[in-house]
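The values are calculated or read from the model by the stated rules, or taken from the named source; none is laboratory data. Computed from a prediction, not measured in an experiment: that's the story for all the values here. Glycine gets a Cβ as well: all are built from the backbone with ideal geometry, and neighbour counts include every protein chain shown.
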């Protein structure tokens, strides 16, 4: 594998990051659309068949409200999520003075690797904010997470639709309770687009045309959009699903041919060539672990991002004063189909080996279903899946209007299922996963389109065969 250019760039970016830290279209024919919907329905039916076993009965545990108890709780996110969650945790400890919650939290970078090691060694915290795919990645046999059905007399599962709970049921166990549903959408810095004399893009044609305008009117350092390696992979799948009308993976099989994947990779590369997105080398040279920490996003040199709808608060907060942050549109001119996908954004899971399952269940219920736990957090983790939590947020006006707008746009548009293995660590891990290797290698010139497609197909098939 030809990675010397990337290794050098990564090393330089790490040095820079340390320094920064020290310093502070047309519609599809009806028959085709019907076939797509039929395939989607079949996938959902198969998933339902896997979760038809009767759920485990509640164990009849009770929350200890007298003896001193300590439980641990972990999550990742931006500063606004940290602050909101800590307020909710404080409120929980006020309700249960005998229970101390020890919190650990950080940004996403490196978090998945850390948690993977902890789940593998049985040292994970008691309660964890988890990605949906962690259930299959870390606990396909049900060994890592407690069956929440057994805690249903403390954790009110009736607040969640059965369809959402089914997505978190693996190996006959409800291993997580869904916090929110999410999907990817564009966010734009409207101020910078206006500075370039443009409206924010509503179509792929608008976005593509903006590249040259930005370069000529604002300078070579300005780009209409910025995407890291994982963003590029998701956008490529969005493009391919829009064009070819089939899910990326179904029944544990990659659905796209080498030629179709080469088409997707060429599409991504064309965005670089047309000055729509900066190269991976340029982004690495910025020395920031994420765009919300990147000065070029903060000051508007990167005028767009392709992010999860729930990430709006941290990205908006990162912008310098005087810049307007707006939700974009799904790009319907990429093909005859509505590409893209939605998924359970994240869940709360309780470690299988916790010594305090009842108290952990009380914390999760408090965060998702009770006013004192829901109110401080609002939509920091997306629009709540809990009916009770959602009603609390609506009644108190707690839903971030940007997140709400983005979530509604995503969920009303996308039409393809997401395979849980899409987010397997072997594929998406920063600096190490197949997606990173392929997209960085293509951008640096280490791979041509033919080589990159081979690496991507081989890597995906290895994960699917596990």
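General remarks:
- Filter result for residue 254 (farther than 18 Å from residue 428 by Cβ and at pLDDT 95 or above): no
- Boolean, residue 281 is at pLDDT 95 or above, part of a helix (DSSP H, G or I) and either in contact with a helix residue (DSSP H, G or I) (Cβ under 9 Å, 6 or more places away or on another chain) or buried (at least 22 other Cβ atoms within 10 Å of the Cβ) (or both): yes
- Restricted to the range 284-310, and to residues there that are crowded, with 21+ Cβ neighbours inside 10 Å and part of a helix (DSSP H, G or I), the residue that is modelled with the lowest pLDDT is 310.
- Members of the range 217-272 that are over 24 Å from residue 462 (Cβ atoms) and not in a helix (DSSP H, G or I): 218, 219, 220, 221, 222, 223, 224, 225, 226, 227, 245
- Residue match in the range 392-399 (condition: assigned to a helix (DSSP H, G or I) and more than 26 Å from residue 129 (Cβ to Cβ)): no
- Counting residues in the range 391-399 that are at pLDDT 90 or above and under 13 Å from the mean Cα position of the chain (by Cα) gives zero.
- Here residue 313 fits the description: farther than 24 Å from residue 164 by Cα and modelled with pLDDT under 95.
- Summed over the range 341-366, the residues that are touching a helix residue (DSSP H, G or I) at 6+ places or on another chain (Cβ under 6 Å) and either assigned by TED's automatic domain parsing to the domain that holds residue 208 or in a strand (DSSP E or B) (or both) give a count of 5.
- Subset of the range 391-408 (residues that are crowded, with 16+ Cβ neighbours inside 10 Å and within 24 Å of residue 329 (Cα to Cα)): 398, 399, 400, 402, 403, 404, 405, 406, 407
- Options 171, 196, 120; residue that is surrounded by fewer than 22 Cβ atoms within 10 Å (Cβ to Cβ) and not assigned by TED's automatic domain parsing to the domain that holds residue 61: 196
- Check on residue 265, outside the structural domain of residue 391 (by TED's automatic domain parsing), crowded, with 19+ Cβ neighbours inside 10 Å and in contact with a helix residue (DSSP H, G or I) (Cβ under 8 Å, 6 or more places away or on another chain): yes
- Residue in the range 98-113 that is in the same structural domain as residue 355 (by TED's automatic domain parsing), out of contact with any strand residue (DSSP E or B) (no Cβ under 8 Å at 6 or more places or on another chain), farther than 30 Å from residue 55 by Cα and assigned to a helix (DSSP H, G or I) present: yes
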